[in-house]
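Everything on this sheet refers to the single structure shown next.
The values are calculated or read from the model by the stated rules, or taken from the named source; none is laboratory data. In this text, all values refer to a predicted model and were calculated from it rather than measured experimentally. Here the Cβ is made from the backbone with ideal geometry for all residues, glycine too, and neighbour counts use every protein chain on show.
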Amino acid sequence: MTVPHVHLNNGVEIPQLGFGVFQIDPADTAAAVSQAIGVGYRHIDTAEMYGNEKEVGEGIRASGVDVADIWITSKINNNRHGYDSTLAAFDQTLTDLGVEQIDLILIHWPLPEAGDFVGTWKALEKVYAEGRARSIGVSNFQSNHLNRLADECTVVPAVNQIEVHPYLTQDALRAFNAEHGIATEAWSPIAQGGVLNDPVIKGIAAEHGKSTAQVVLRWHVQLDNIIFPKSSSAERMRENFEIFDFELSPADMGFISALNRDERTGPDPDVFNYVPA
Ligand code: NDP
């Protein structure tokens with residue numbers, strides 16, 4: 001099955017479907033990553049905060065697939081905001097992953113009160129200019145945070161990774177991203193399983209002979225979202241990969257989008273200011 005690519009604003013192509021490793025125990029991460037690559041995934045989404053960057057690197061090396069053929073995304077942790085601290089955190093991420101260049105590095109959270117996302121972004125602009133990051137982006141940024149970057153910085157983020165699923169469709173922020181040439185990455189694309197028993201989604205899944213997870217992931221693909229569902233089971237990794245052999249009708253898409261309740265599974269970025277020690 002061929003995974004489509006999304007063309008980012010700097011000309012770089014990212015696989016639209018990847019594998020997320022949040023909440024995979026470091027002891028299990030190398031095996032899970034290697035297994036996901038065996039299934040066909042060529043894009044891994046990790047973060048310093050997840051505590052498993054080293055194991056992601058190990059899993060990629062164990063897979064037998066050249067690291068150059070695997071898209072890797074990681075994120076600057078909340079306690080590494082600020083120019084100098086971010087440069088040091090970035091170096092550590094490359095060392096832990098065992099690579100000299102990363103495909104995409106993000107600011108994990110804007111931390112509008114507790115952090116310094118402008119200084120952090122300027123550090124990412126530097127590593128981008130040096131060619132040590134092929135692309136740079138943000139995560140959990142609202143439009144006011146993106147406007148501040150536009151006013152005070154130079155490089156437009158390649159992506160904004162935000163929580164999106166049928167109960168939180170984020171129409172306004174997704175449209176804002178698109179208007180500014182920023183690709184939307186959707187985290188917790190199946191709401192950590194929370195949308196899988198929805199009767200509307202179950203009905204559509206039955207019509208297509210697909211699982212509810214496959215229908216929701218397909219809905220994201222047709223909205224042009226970049227996704228990286230997490231699973232610790234090889235069977236569900238495969239299930240989540242098999243979403244390119246069917247298509248949802250405009251009516252199906254509309255029914256799923258109409259399920260929006262503006263319901264988050266994670267924190268609200270406008271007020272989230274948690275900085276670990
Ligand atoms: P997901 O929406 O990907 O859901 C993962 C959960 O759903 C797990 O409990 C998994 O269980 C279960 N699951 C996966 N596939 C299936 C399936 N086919 N059928 C039934 N259950 C299934 O949640 P995540 O929060 O993990 O989000 C995905 C990725 O997004 C993360 O791994 C991370 O990379 C990123 N992320 C980024 C954030 C940010 O702030 N930037 C925040 C949160 C996530 P099991 O493992 O048992 O299969």
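A count restricted to segment 160-179 and to residues that are under 21 Å from residue 256 (Cα atoms), without any contact (Cβ under 8 Å) to a residue 60 or more places away in the chain and of a type in the set (Asp, Glu) stands at 0.
Here is a yes/no grid of residues against (1) in contact with a Phe, Trp or Tyr (Cβ under 9 Å, 6 or more places away or on another chain); (2) surrounded by fewer than 22 Cβ atoms within 10 Å (Cβ to Cβ); (3) without any contact (Cβ under 8 Å) to a residue 60 or more places away in the chain:
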{"position": "67", "(1), (2), (3)": "no, yes, yes"}
{"position": "112", "(1), (2), (3)": "yes, yes, no"}
{"position": "116", "(1), (2), (3)": "yes, yes, yes"}
{"position": "127", "(1), (2), (3)": "yes, yes, yes"}
{"position": "130", "(1), (2), (3)": "no, yes, yes"}
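Note on segment 204-221: residues that are free of Cβ contacts under 8 Å to residues at least 40 places away in the same chain and under 17 Å from residue 260 (Cα atoms) amount to 3.
Restricted to helices (runs of 4 or more DSSP H) entirely inside segment 158-277, those with at least 3 residues that are closer than 24 Å to residue 13 by Cβ and at pLDDT 95 or above are 171-179, 212-222, 234-241. What about residue 2, is it crowded, with 24+ Cβ neighbours inside 10 Å and over 16 Å from residue 157 (Cβ atoms)? So residue 2 fails the test. One residue stands out in segment 17-51 among those that are among the polar types (S, T, N, Q) and in contact with an Asp or Glu (Cβ under 8 Å, 6 or more places away or on another chain): the one that is surrounded by the fewest Cβ atoms within 10 Å (Cβ to Cβ), namely 29. Contact map, segment 180-193: first residue farther than 16 Å from residue 260 by Cα, second residue modelled with pLDDT of 95 or more and near the ligand (Cβ under 6 Å from one of its atoms), Cβ cut-off under 7 Å, separation 6 or more or different chains; pairs are 185/161.
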